[in-house]
Amino acid sequence: MKNDNIEIRWHGRGGQGAITAAKIVAKAMFASGYTGVAMVPTFGTERRGAPVFTSLKVSREKIYDLSPSKRPDIVVVLDHLLLEEEDITQGLKQGGLVIINSPLAVRGYGFNGSRVAVADVTDLSVKAGLPQGMVNSGIIGSFARAAGLVELDALLKTIKDEFIGRRPGENACAAQLCFENTIMGGL
Amino acid sequence: MQIIETGNVAAALGVKLARAQVIAAYPITPQTPLTEKLSEFIESGEMQAEYIPVESEHSALAICIAAASAGARSFTATSSNGLLYMHEQIQWAAGARLPLVMCVANRGVGAPWTIWNDHQDSISQRDTGWIQIYANDHQQIIDSVLKAFCLAEEIMIPVMVCYDGYILSHTHMPFDVPDSEIADAFLPPYRPPYALDPADPANLNTVTMPDGRPDVRGDISPGYMEIRHLLQHDMVEAIPALKRVEERFRSMFGRGHDPYVEPYRCDDADYIAVSLGSLSYQLHDVADALRAEGVRAGVLSVHLYRPFPDRIIAEALNRCSGVIVFEKALSYGYQGPLCSDIKSALYRYAQGKPFVTNYILGLGGREITTQDLYEALKVSCSPDGGAGEETRWIGLKIPAGGTQT
């Protein structure tokens, strides 16, 4: 209902880490001066691999409405095959942004007047030393590059804190590589 | 210190700050991460407490009752059918006047099974003699847990701190973690007025005759009815007691809020939406949208549900022309329990007698869209908006006996 919030909807598969990615961005944005931050997961009875999503709302003021995002400014997709299964960009604002982990070229994507950002996060994350399929730190790098809402350094620091004891260096490296290799397109 | 965490973690941090000594709990969605976090605190040595894993919620509360009877500060938490399984012990804890604190991550009840949010679980425990506080956000969860121990131990009545399952329990939001030294000064160690002692055996809460009778020393002991009358008397006294707790909290931590109700744009409101929990905050944006259209709408969030601060609520609603109660619970065959309570308060105290309309919504996690709230409140913000006594349902896809629309 309020128009001055930034709403970012994260779509992934159960077990892929979309909620962790959104939480890291929430923490980094809060540390960067956004007073109002709410990361609201929508829960089904998840199985691994089933489509899941979470809503991240960010504002300069406290967030009072914790309902799922209906009109997101940004949609982040951790697995490009989800685009074939569900209406992932439903409600996306005109002139919004879609960020996709995909091995396909950015010119293959069009979302009716939206900007698109693509990186092969799956491949880049393996190059960073992470096991196959770990994409939730890498996609944060693409988010930093495409959205431009928060400094990469702030995100890298939060990634290292969050993944303490769980390959912090490789996770930060994945975000750095994805930041450098995100291709912008669309509109 | 400001952190971003879930509502369940906020609750666990509150229990840790309160230095609870005994925790007995059985995991149930969406409460589970709260008890997991407490067991982690205890395992790592961050928290000095006895964590007692149990095979059921009935046993969890039975252990807390025993621990509190022996003088230990005790805590449990549950949701939904787990809370219902405690029901017998819930009544016992209140009758025994034990200062327990329990968190309820609100969830609908079966059948059919649901794991998602509504308020039917804790509302169905309304008449058990427990104090019930509803939190709207993570700050209120962590602060309420601390205040709850303080209140419970002052008046020897157990307290339930209720917060919305998933919507608060699993949402990450910023909140301030109170300083532990100030928390220790706010809530000193529990000194029970009486505690079980193997060296001095005693029977507690044995069969109590309808009439009072002389005890072994010849003093007249109260009968069951006097004991229960005292519980009612002290429950009503909990209303001013909570204010004292709140004032002390505010003076020590520099923040706080009205412990009974939280009004939003109510001063000049013609129409006031009333609800419990996080839904109240979702209604803030709806009231703002209606105000922008020239409709004088406000929101009254009820924090203290039992004891019911009826005079305070009636005074808050007295000057408006319509009250619209949004509820995630139902007294089947009648209406929402909060709606009935509000009508009763207005009958006793209000001169103006505003109309009262009741919306039922969000049962079993049915999504509550802000647009739906806006449309419902807009319809009800009119002089004839209160027409009809039937409950109105928001978000129904198939009407009773009907086909899909």
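The values are calculated or read from the model by the stated rules, or taken from the named source; none is laboratory data. These numbers were taken from a predicted model, which means no experiment stands behind them. Cβ sites come from the backbone with ideal geometry, for glycine too, and all protein chains shown count toward neighbours. In case anyone asks, the SASA skips ligands and DNA or RNA and just uses the protein heavy atoms, side chains included. Shrake-Rupley method; radii C 1.70, N 1.55, O 1.52, S 1.80 Å.
Select, from B:GLU247, B:GLU181, B:GLU237, the only residue that is out of contact with any Lys or Arg (no Cβ under 9 Å at 6 or more places or on another chain), assigned to a helix (DSSP H, G or I) and assigned by TED's automatic domain parsing to the domain that holds B:ASN8. First the steps, then the outcome.
Working: B:GLU247 fails: assigned by TED's automatic domain parsing to the domain that holds B:ASN8; B:GLU237 fails: assigned by TED's automatic domain parsing to the domain that holds B:ASN8.
Residue meeting the stated conditions: B:GLU181.
Count of the range A:80-125 residues, restricted to those that are closer than 19 Å to A:GLY15 by Cα, open to solvent by less than 30 Å² (accessible area, probe 1.4 Å) and assigned to a loop (DSSP other than H, G, I, E, B), is 2. Evaluated against (1) closer than 26 Å to B:GLN371 by Cα; (2) open to solvent by 30 Å² or more (accessible area, probe 1.4 Å); (3) more than 8 Å from chain B (Cβ to nearest Cβ), A:LYS70 falls short on exactly one condition, (3).
Scanning the range B:154-188 for residues that are under 24 Å from B:GLN89 (Cβ atoms) and more than 14 Å from every other protein chain (Cβ to nearest Cβ) yields B:GLU154, B:ILE155, B:MET156, B:ILE157, B:PRO158, B:VAL159, B:MET160, B:VAL161, B:CYS162.
Looking at B:MET156, B:MET173, can you tell me which residue is hydrophobic (A, V, I, L, M, F, W, C) and closer than 29 Å to A:TYR34 by Cα?
B:MET173
Give the residues of the range B:385-405 that are in a strand (DSSP E or B) and within 26 Å of A:PHE43 (Cβ to Cβ), sorted by residue number. Give the derivation first.
Initial filter on the range B:385-405 (in a strand (DSSP E or B)): B:392-393.
If the condition is that a residue be in a strand (DSSP E or B) and within 26 Å of A:PHE43 (Cβ to Cβ), then B:TRP393 is the only one that fits.
Mind checking whether some residue in the range B:1-10 is outside any loop (DSSP other than H, G, I, E, B) and without any contact (Cβ under 8 Å) to a residue 24 or more places away in the chain? For the range B:1-10, residues outside any loop (DSSP other than H, G, I, E, B) and without any contact (Cβ under 8 Å) to a residue 24 or more places away in the chain: absent. Quick check on my filter: what residues within the range A:23-35 are facing chain B (nearest Cβ under 8 Å) and in contact (Cβ under 8 Å) with a residue 24 or more places away in the chain? Hits for the range A:23-35 are A:LYS23, A:ALA26, A:LYS27, A:THR35. Filtered by the rule that a residue be under 16 Å from the mean Cα position of the chain (by Cα) and open to solvent by 30 Å² or more (accessible area, probe 1.4 Å), the range B:159-181 gives a lone residue, B:ILE167.
Quick check, is A:ALA117 in contact (Cβ under 8 Å) with a residue 60 or more places away in the chain and of a type in the set (A, V, I, L, M, F, W, C)? In short, yes.
Take the residues in the range B:192-217 that are exposed (fewer than 10 other Cβ atoms within 10 Å of the Cβ) and polar (S, T, N, Q); name whichever of them is farthest from B:ALA94 (Cα to Cα). Applying the filter and picking the extreme gives B:ASN203. Across the range A:25-42, the qualifying residues are those that are part of a loop (DSSP other than H, G, I, E, B) and open to solvent by 50 Å² or more (accessible area, probe 1.4 Å), and the one among them that is nearest to A:LEU152 (Cα to Cα) is A:SER32. Would you call B:ILE227 assigned by TED's automatic domain parsing to the domain that holds B:ALA94 and either surrounded by 12 or more Cβ atoms within 10 Å (Cβ to Cβ) or in contact with a His (Cβ under 9 Å, 6 or more places away or on another chain) (or both)? Considered against the rule, which asks whether it is assigned by TED's automatic domain parsing to the domain that holds B:ALA94 and either surrounded by 12 or more Cβ atoms within 10 Å (Cβ to Cβ) or in contact with a His (Cβ under 9 Å, 6 or more places away or on another chain) (or both), B:ILE227 comes out as no.
Could you say whether any residue in the range A:142-163 is open to solvent by less than 10 Å² (accessible area, probe 1.4 Å), under 18 Å from A:GLN16 (Cα atoms), in contact (Cβ under 8 Å) with a residue 24 or more places away in the chain and not hydrophobic (A, V, I, L, M, F, W, C)? Scanning the range A:142-163 turns up at least one residue that is open to solvent by less than 10 Å² (accessible area, probe 1.4 Å), under 18 Å from A:GLN16 (Cα atoms), in contact (Cβ under 8 Å) with a residue 24 or more places away in the chain and not hydrophobic (A, V, I, L, M, F, W, C).
Quick check on the range B:24-40: of everything there that is farther than 16 Å from B:ASN117 by Cα and touching a Phe, Trp or Tyr at 6+ places or on another chain (Cβ under 9 Å), which residue is most open to solvent (accessible area, probe 1.4 Å)? My answer is B:TYR26.
When you go through B:PRO240, B:PRO263 one by one, which is the residue that is under 18 Å from B:ARG306 (Cβ atoms), away from chain A (no Cβ under 14 Å) and open to solvent by 10 Å² or more (accessible area, probe 1.4 Å)? Explain how you work it out, then say what you get.
Details: B:PRO263 fails: under 18 Å from B:ARG306 (Cβ atoms).
Just a single option satisfies the conditions, and that option is B:PRO240.
Condition check ((1) closer than 30 Å to A:VAL25 by Cβ; (2) among the small types (Gly, Ala, Ser)) across all residues:
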residue: B:VAL15; (1), (2): yes, no
residue: B:GLU40; (1), (2): yes, no
residue: B:ILE63; (1), (2): no, no
residue: B:ALA67; (1), (2): no, yes
residue: B:SER74; (1), (2): no, yes
residue: B:SER79; (1), (2): yes, yes
residue: B:MET86; (1), (2): no, no
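Please enumerate the residues belonging to the range B:280-294 that are in contact with a strand residue (DSSP E or B) (Cβ under 7 Å, 6 or more places away or on another chain) and either in the same structural domain as B:ASP137 (by TED's automatic domain parsing) or farther than 19 Å from B:GLY362 by Cβ (or both). Selection gives B:LEU290, B:ARG291. Criterion applied to A:THR45, A:THR54 was being at the interface with another protein chain (Cβ under 10 Å from one of its Cβ atoms) and not in a loop (DSSP other than H, G, I, E, B), and the one residue passing it is A:THR54.
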